[in-house]
Amino acid sequence: MNLYRGATALFGLAFLGIGIALLVVTAAAGGGVVGYVLGLLFAALGVGRLYLLWMRTPRR
């Protein structure tokens, strides 16, 4: 189960990083609706995965 949780966290961070990079590159290139939307969606996907992983963690 630790491998699954680690992989989920890794993919969540990767999606978050891709989303932030898309937003930065889009802003640096002068903007574009598609770039901003995709950047926000990727970032939201990463944050959502990390949030759900954190919420499913058993508390002691």
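In this simple spin-label approximation, Leu45 and Thr8 carry label points 7 Å from Cα along the Cα→Cβ vector, and these lie 1.7 nm apart.
For the chain, the longest principal axis of the Cα atoms and the long axis of helix 2-28 meet at an angle of about 10 degrees.
Rounded to the nearest 0.05, the FRET efficiency derived from the C-beta distance between Ile20 and Met55 at R0 = 30 Å is 0.85.
Across segment 39-52, coupling constants 3J(HN,Hα) worked out from phi with the 6.51/-1.76/1.60 Karplus curve, θ = phi - 60°, read x, 5, 5, 5, 5, 5, 4, x, 5, x, 5, 5, 5, 5 Hz, and Gly and Pro carry x.
By the Kirkwood approach, averaging reciprocal distances over each pair of separate Cα atoms, the chain gets a hydrodynamic radius of 12.2 Å.
We did not get these values from a lab; they are worked out from the coordinates using the rules stated. Treat the numbers as computed from the prediction; the structure is a model and nothing was measured. We place every Cβ from the backbone using ideal geometry, glycine too, and count neighbours over all the protein chains shown.
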